[in-house]
Each structure stands twice: as C-alpha cells, then as structure tokens.
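What follows is a set of notes on a single structure, which appears directly below.
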Amino acid sequence: MEDITIQWFPGHMTKTRRMMEKYLPMVDGVIELLDARVPQSSRNPVIKELIGNKPHIVLLNKASLADPAMTDRWMSILKKDCSMTLAADCRSGKGLEKIEPAIRTVLADLLEKYRAKGMSGRTLHMMIVGIPNVGKSSFINKMAGRNKAKVEDRPGVTRDKQWVQISENIEFLDTPGVLWPKFEDMTVGERLAFTGAVRDEVVDTELLACRLLLRLREIAPEGIRDAYGISLETPEQDEEMAMGMTMGCSSGYELLCRIGKRRGMLLKGADIDTERAAVCVLDDFRGGRLGRITLDRV
C-alpha cells in the first residue's frame, strides 16, 4: 500500500486569504477553530501568520469526538501562542457559553478604552477563521441562536464573507475555510482527509480507510474491536492477521476486508465490497461511533 499524497487548494482559497488580509484591520479579534481530533494538523500556519498580534482565541471544536484528556493537553500547549484556548462542541452547543465572556476578557484593554471615551456600547467585531469543515458555520449559528450561516457536513460550503450579529454588542465575520498550498508533512494531509477537511472526491477512499484503520489500531484498537467485533490479536495468536502484519501497511486492507465481511458487504461471487466498507469506516470515525479519538498525539 502506497502512501497518500494529498494536495487540495482550490482557487477560492487564495481569494479567501486576500479577503482575510483586507478585513483583519477592521476586526477587534480573531476566533480560530481547530478540530479537537487533529489540533495540530488542523492549524493553518498561514492563518497564524496573518493574525499577527491581533487578540486571538483558539477554540477546539468537536471536542465531544476527541479524547478529553488529550484535548486538555493540547489546550495547554496551544495557549502559549494565543490569547486564550477553549474547547466546545458546536453542534450540541456544549461549551459555547464561555465564548462571550472569553471575548470580553481578551478584549478587556479595548473595552476599557471605549469606556474611557464614553463608547461602552460599541459593537465588538470578531473574525471567525479555520480550515474547511471545522465547524465555523455551526459555531456561528449556535452563537446567534438561529441559522444565519450556511451549514453542510462537507468542506468548501462557505464561499464568501458574511457578518452575523451574535448579541447586542458582538458581531462575527464568517469566512470560508482555507487550507494552505502545500502539506510539507504528508500525515497532516492524511489526517485532514480522515476528518473530512479534504473532499473525499480527491482521494482514494479505500486507501484512506486502510490508513485510518492502521492509525486506529495503533492508538485506539478498542474502537475497532467494539464497533466491528473483529479480532486484533498479535500475529502469534491469529494466523490470518499475522499474514497481514508481515505485509506492513497491507494489514490495513486486511482489516478493511474483515470489516466488510463482518458487515455483510458482499458483491456477486462473495467478493467483499471494500469500497462500501471504506465509506462505512470513514463515516463511523467521523460520526464518533468508534469512540472519542484524538489522532494528533501530544
């Protein structure tokens, strides 16, 4: 099994970067959303560069899908180069009650200046940034209490800026998700594809699922065992698995075949429908049915 090479940088992402550069001077602060399952891989170095010294909150979204202990560790690491770190789940709304107090905390100096000038009711403007499919629109909709920003569970839906009023004195500027032109570390692109930040249409779904199974076997084998009821014994204990293990990455395909067979995903002639099994594995991981898993380890 070959390594996956993923590069997906549609033209609108260049337009997004220029738009961010244009509007950053007009906002008071930035809220950067990361995927709690891949906090390091989902952090766009271009965004960090653009933000500069602007007050900056990092929000680890989809925390309900990630290992809570690992989320705490990542928050401790990330807070070293931003104003504040928070964890939340934007679909359920858990943790979002901390956002407005956090905004007022990181903008305390600015608010004091406004009060001194008799402008205490002035609206605060925050830019919402992050990679595709990290949950920016869901975050804004929950914060606004109504569906203002378009939400779909696929990358690249938001294509233009939009201002959304969150409360009487806070407005969010929604921006399209933006990746960076080249992944220097191929595991970054791979993990972004695992979580759905890269369109499935630009990758080999079966290969992607095989690679994901290898990673899960390494860090969360119980998720595979519990969800699919298949053996993950050592080579000495399982002769069939031993053959896959001796083939290195090919054991990911062995696992995929086992899952397909277990789920009854068969083609004519009793061949296993590995394409269907691959979609199942990716959907199960993205939906949290394999457990709370953080792929980026500290």
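Each value in this text was obtained by applying a stated rule to the coordinates, not by laboratory testing. Every value quoted in this text rests on a predicted model; they were computed, and no experiment measured them. Glycine also receives a Cβ, built like all others from the backbone with ideal geometry; neighbour counts cover every protein chain displayed.
Annotations for the structure displayed:
- Translational D in µm²/s for segment 11-174 (Stokes-Einstein at 10 °C, 1.306 mPa s, Kirkwood Rh from C-alpha pairs): 99 µm²/s
- Note on Lys48 and Met186: the extension gain reaches 47.7 nm, defined as 0.36 nm multiplied by sequence separation minus the Cα-Cα distance.
- Links that overshoot a 27 Å alpha carbon limit, given the list Lys22/Lys98; Lys15/Lys48; Lys22/Lys94; Lys48/Lys136: Lys22/Lys98; Lys22/Lys94
- You can think of it this way: the chain between Arg262 and Trp163 has 30.8 nm of extra reach, that is 0.36 nm per residue less the Cα-Cα gap.
- Neighbourhood net charge (14 Å Cβ-Cβ; Lys/Arg +1, Asp/Glu -1) for Asp81: +3
- Shape index of segment 257-298: Rg/Rh, with Rg the Cα radius of gyration and Rh the Kirkwood radius from the inverse mean 1/r over Cα pairs, equals 1.13.
- For segment 105-121, Karplus couplings with θ = phi - 60° (6.51, -1.76, 1.60), whole Hz, Gly/Pro x: 6, 6, 9, 4, 4, 5, 4, 5, 4, 4, 4, 5, 9, x, 10, 5, x
- Extending 7 Å from the Cα toward the beta-carbon at both Lys79 and Arg289 defines two label points whose distance is 3.7 nm.
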